[in-house]
Structure formats: C-alpha cells, structure tokens
Amino acid sequence: SAVSIKALLAGQCEPGCEVTVKGWIRSRRDSKGGFSFLAVHDGSAQAAIQVVAPGELENYEAEILKLTAGCSVIVSGDLVASQGKGQSVEIQAKHIEVCGWVDDPDTYPIAKKRHSFEYLRTVAHLRPRTNTFGAVTRVRTVLANAVHRYFYERGFQWINSPLITASDCEGAGEMFRVSTLDLMNLPRTESGGIDFSEDFFGREAFLTVSGQLNAEAYCLAMSKVYTFGPTFRAENSNTSRHLAEFWMVEPEIAFANLDDDAALAEDFLRYLLSEVLEHCEDDLAFFNEFVDQGVLARLQKVAGTSFERMDYSEAIKILEKSGKKFEFPVRWGVDMQSEHERYLCEEHVGGPLIVTNYPKDIKAFYMRMNDDEKTVAAMDVLAPGIGEIIGGSQREERLDVLERRMAEQGLDGLEWYRDLRRYGTVAHAGFGLGFERLLNYITGMDNIRDAIPFPRTPKHADY
Ligand code: ATP
Ligand code: MG
Ligand code: MG
Ligand code: MG
C-alpha cells in the first residue's frame with residue numbers, strides 16, 4: 001500500500017523495505033549512466049522524494065525519458081539510504097506507472113521557475129502544485145486543527161452558526177443578499193420594481209458577517225462556546241487584508257469581562273503560534289527563506305512573551321504625538337486605519353498590542369457601555385505587518401442599556417437576542433479572529449488572497 005512521502009522522509013520505513021508512493025513529478029534529471037533521477041511530491045511534505053529510475057525499467061525509453069513536471073506517477077521499489085545531500089532515503093524504482101501526462105509541457109502554466117504570487121492568483125486551480133501554496137495549505141491545516149484542539153481541551157462547545165441570516169450584527173451594511181432566484185415569480189413592489197425584502201421565500205435574508213449573536217445564545221447556556229466557519233462581507237475595497245469570503249474563529253465566554261476576553265485572546269494566539277512552530281518546521285523554514293526572513297524569529301518571540309495593552313485614548317495620544325504624516329489624520333473618536341494600527345505595534349511597541357475601550361459611536365451596538373458613557377468595553381488585537389487581527393468585546397448584558405444602544409443606532413427587532421437578557425443574563429465576552437489574517441501573519445505572506453485556496457474579492461469568483 002502507498003505511504004506518504006512525509007512518512008518516508010520521517011523514517012517511518014527502514015531502508016530495504018519495499019514501498020509504493022503516488023504523486024507528481026517535480027523534476028527529472030537524466031544521468032549519463034543511463035538512468036534518471038525523478039523528484040516526486042505528493043503534498044504531504046515540503047520536500048520531494050528522490051526516485052532513481054534505472055534504464056532497465058520496461059518503459060524507460062518510451063515513458064520515463066518523457067516525464068515532465070506535473071505528470072502523475074505511481075512508483076514502487078526499494079527504499080535505500082541516499083547519497084544525495086539533504087535527504088536520508090530515496091527509492092530505487094522497480095516499476096513506474098505513468099497515470100497522467102502533461103498535455104504540452106512547454107505551455108504548462110506551472111513550469112519549474114518561480115512565479116509571482118500575482119500570476120499564481122490567475123491560476124488558482126494550479127497553484128497548490130507550487131512549493132509556496134503547498135506550504136500555505138499545510139500550515140492552514142495545522143492551524144485549523146490547533147483551533148479545534150485548543151477549545152476542545154478547554155471544554156468549549158463548537159457551535160455551527162448559520163450562514164443564512166436576517167441580522168446585520170456589525171451594522172456596517174456590508175452584507176450579501178440571499179435570493180431564491182425564482183426569476184418568473186420575483187416579488188414586486190407596488191411600483192413594479194423587485195421587492196428584495198421578500199427574496200428569501202417571502203422574507204429577507206443575507207449571508208452572515210459574523211456568528212457572534214448566535215454564539216452568544218449558546219454561550220448563555222453552555223458557558224464556553226466557539227464558532228469556526230466562513231463569513232461573508234461585501235467589502236468593495238481592494239486591500240491586501242480583506243476578502244469577501246473569509247473564515248472566522250469566534251469564542252464566547254460567560255461570567256467573563258473584557259480582561260478575561262483579552263487574556264483568552266492572548267493565550268489562544270500564543271498557543272496557535274507554538275503549535276505551528278512545533279508541527280510546521282519545514283514549511284516555516286521555507287517561508288523564512290523565501291518569503292519573509294523574519295518569520296521564525298518573530299513567531300518564537302511572540303509565542304513566548306505577553307502582549308502589551310493600551311487604552312484607545314492613550315493610543316490616539318501616541319499617534320497624535322508621533323509626528324507621523326498619516327494618510328488619514330487621527331483624533332479621538334475616529335476608527336483607526338491599518339496605518340495607525342501598524343504604527344502602534346510596529347514602531348511604538350514592537351510586537352502585538354491589545355487596544356481597549358473604544359469610543360461607543362464607532363463600535364457595534366452589542367458592546368458593553370463603560371461607566372464613562374463615552375466608550376465601550378471593546379478590544380482589538382493588533383499585529384505587526386497586518387494591523388487588526390482580532391476584534392472583540394464584553395457584550396452588553398443589561399437589557400435597558402442594550403435597548404438604548406439599539407435605538408441610538410436605529411435598530412429594531414432582534415427579539416430573540418433581547419430574550420437572552422431577559423432570562424438569566426450575565427456578563428459575557430468574546431472575539432472574532434480572522435483566520436486568513438492570522439495565516440498571513442504566521443507565514444509572512446503579504447496578501448490575504450494567498451492565504452485561502454480560492455479567494456473571493458470584488459469581481460473574482462471564478463474557479
Ligand atoms: P477591519 O477593520 O480590518 O476591516 P473589522 O473591524 O471590520 O476589520 P471585525 O468585524 O472586528 O472586523 O471582524 C473580526 C476579525 O475578522 C477582524 O479582526 C479581522 O481579523 C477579520 N476580518 C474582518 N473583515 C475581514 C475581511 N473582509 N477579510 C478577512 N478577514 C476579515
Ligand atoms: Mg471592516
Ligand atoms: Mg476594524
Ligand atoms: Mg474589528
């Protein structure tokens with residue numbers, strides 16, 4: 001039976017064993033001695049395994065000498081100690097079956113040379129064949145499993161919040177509408193236009209921007225919960241930090257305040273970094289060499305130090321005194337842009353930073369009002385190179401204050417959400433971590449389009 005190349009390179013089989021690997025050719029080199037070296041990869045590891053294809057193979061002339069990068073093969077042979085540098089074992093092939101050829105090797109879009117990430121985005125279906133996107137994919141997998149393990153080991157319940165929803169909990173108006181698309185029977189307004197408020201079988205519905213409100217409902221019964229799934233935002237901006245479809249991790253804890261929330265965020269992030277450091281050694285070494293030379297040192301440092309904390313008001317003073325010419329000027333009361341966030345953590349602190357207690361008018365209605373009646377118990381975790389990576393808050397658990405805030409922001413409805421304050425309300429808090437932003441931070445990749453297999457941004461929903 002086939003073994004993964006990762007297992008072989010990790011020494012799972014002794015030299016002398018007969019093994020079969022299934023994978024794709026990364027390169028072929030023919031030796032003057034009448035045999036060839038094939039590098040075969042299968043996605044399980046950064047490295048390819050070296051296969052020695054002897055001239056005696058029955059298909060040597062007819063097939064092996066025609067193999068090019070991208071062809072799929074099944075190789076069986078003996079595992080032997082390798083003379084080559086950088087690898088302990090190689091396969092002395094006894095049989096190589098070619099499963100799939102590459103149509104026209106000269107025009108194969110993923111030829112061996114290094115491609116720009118921009119170009120690779122135009123062939124998103126082929127980019128997992130490159131070293132870089134193989135590495136991104138493996139780190140993403142380790143990270144996702146670490147998310148679940150962290151919460152599972154600490155007694156959190158995993159809640160699947162709905163993707164189709166009626167509420168715009170961020171109030172930012174960045175929602176995609178869900179439509180039944182029954183073109184013949186679209187509901188009409190009196191003036192004959194399409195009545196979008198009846199789009200979803202006679203009701204109005206959207207793709208969710210956050211699972212938080214639903215997570216709160218479960219938190220106020222299960223004590224500790226989290227959601228981890230896709231969210232959607234109609235961000236009509238082309239930044240390197242925003243996707244129209246991205247994954248978010250949203251824990252929610254009861255009997256907890258903003259301090260507990262910040263402590264959870266910090267502990268969680270440091271746990272994720274140390275898991276990746278432990279389980280993605282080769283891939284991190286790759287990123288450190290080819291993508292961002294600072295990655296390893298940064299992860300090691302951040303996994304082992306506590307995060308700075310700072311009040312929003314103090315942050316604004318620092319920005320005002322910085323003497324920096326920002327594109328968007330700051331003053332108390334405005335939402336920070338990434339240039340401000342990055343200045344604070346990159347130049348002022350030199351590491352991650354948790355900013356707390358933002359002005360109420362720039363934050364969502366559900367955040368808990370502070371005693372000053374001007375700020376709410378909100379926090380953002382900012383990271384060098386990225387800016388905001390987590391947004392969170394203590395939630396408003398007092399029905400009267402919540403209703404006042406909803407009225408202020410012109411919101412009605414959400415009776416079910418108000419119920420949570422009517423029946424056994426208690427202080428609770430939570431946050432949302434952007435999964436792709438974190439992946440960018442960890443790998444040193446610059447653009448969020450390169451942190452998700454098939455990025456969705458304005459006008460891009462192919463593949
Ligand atoms: P930003 O200020 O960067 O637009 P936000 O404050 O609108 O983010 P939140 O509503 O606080 O975002 O969402 C929680 C987290 O989800 C953010 O801290 C960020 O990591 C991530 N996030 C938000 N919007 C996007 C997006 N469009 N694409 C990818 N990740 C996102
Ligand atoms: Mg936003
Ligand atoms: Mg923000
Ligand atoms: Mg935010």
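The values are calculated or read from the model by the stated rules, or taken from the named source; none is laboratory data. All of these numbers come straight from a predicted model, not from anything done at the bench. Here Cβ is always computed from backbone atoms with ideal geometry, including for glycine, and neighbour counts include all displayed protein chains.
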Counting only residues that are buried (at least 22 other Cβ atoms within 10 Å of the Cβ) and without any contact (Cβ under 8 Å) to a residue 40 or more places away in the chain, the stretch 364-377 contains a total of 2
- Message: Whether any residue in the stretch 310-323 is polar (S, T, N, Q) and either within 16 Å of ligand 3 (Cβ to nearest atom) or assigned to a loop (DSSP other than H, G, I, E, B) (or both) is what I want to check.
- Response: yes
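Return the residues of the stretch 329-371 that are part of a loop (DSSP other than H, G, I, E, B) and of a type in the set (G, A, S); say none if nothing qualifies.
Going residue by residue through the stretch 329-371, those that are part of a loop (DSSP other than H, G, I, E, B) are 329-337, 350-352, 363-366, 368, 370-371.
Listed by number, the residues that qualify are G333, G350, G351, A364.
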Going through (1) assigned to a loop (DSSP other than H, G, I, E, B); (2) surrounded by 15 or more Cβ atoms within 10 Å (Cβ to Cβ) one by one, E190 fails only at (2)
When the stretch 388-401 is checked residue by residue, the ones that are more than 10 Å from ligand 4 (Cβ to nearest atom) and not basic (K, R) are Q394, E396, E397, L399, D400, V401
Within the stretch 111-152, the count of residues that are among the aliphatic types (A, V, I, L, M) and more than 13 Å from the chain's Cα centre (by Cα) comes to 6
Of the residues in the stretch 397-443 that are modelled with pLDDT of 95 or more and of a type in the set (G, A, S), the one that is nearest to R138 (Cα to Cα) is G434
Checking G391, G434 in turn, the sole residue that is crowded, with 24+ Cβ neighbours inside 10 Å, within 16 Å of ligand 3 (Cβ to nearest atom) and not aromatic (F, W, Y) turns out to be G434
From the option list Q87, Q157, Q83, single residue qualifying as over 27 Å from M248 (Cα atoms), surrounded by fewer than 19 Cβ atoms within 10 Å (Cβ to Cβ) and touching a residue at least 12 places away in the same chain (Cβ under 8 Å) is Q87
Among residues of the stretch 351-380 being farther than 13 Å from Y312 by Cβ and of a type outside the set (S, T, Y), the residue nearest to ligand 3 (Cβ to nearest atom) is A364
Selection from the stretch 243-272 of residues within 16 Å of ligand 2 (Cβ to nearest atom) and either modelled with pLDDT under 95 or small (G, A, S) (or both) yields A244
Okay, strands (runs of 3 or more DSSP E) sitting entirely in the stretch 1-120 with 2 or more residues that are closer than 24 Å to R140 by Cβ and modelled with pLDDT of 95 or more, I get 18-30, 36-41
* Asked: Quick check: anything in the stretch 221-238 crowded, with 20+ Cβ neighbours inside 10 Å and part of a helix (DSSP H, G or I)?
  -> no
Filtering the stretch 354-377 down to residues that are within 15 Å of ligand 4 (Cβ to nearest atom), among the aliphatic types (A, V, I, L, M) and over 30 Å from G294 (Cβ atoms) yields I362, A364, M367, V376, A377
Original post:
Restricting attention to the stretch 411-418, does a residue exist that is in contact (Cβ under 8 Å) with a residue 60 or more places away in the chain, touching a Lys or Arg at 6+ places or on another chain (Cβ under 8 Å) and surrounded by fewer than 23 Cβ atoms within 10 Å (Cβ to Cβ)?
Top reply: no
If we ask which residues in the stretch 308-342 are more than 21 Å from D259 (Cα to Cα) and within 16 Å of ligand 2 (Cβ to nearest atom), their number turns out to be 9
Scanning the stretch 131-153 for residues that are surrounded by 18 or more Cβ atoms within 10 Å (Cβ to Cβ) and under 17 Å from G229 (Cβ atoms) gives R140, L143, A146, V147, Y150, F151
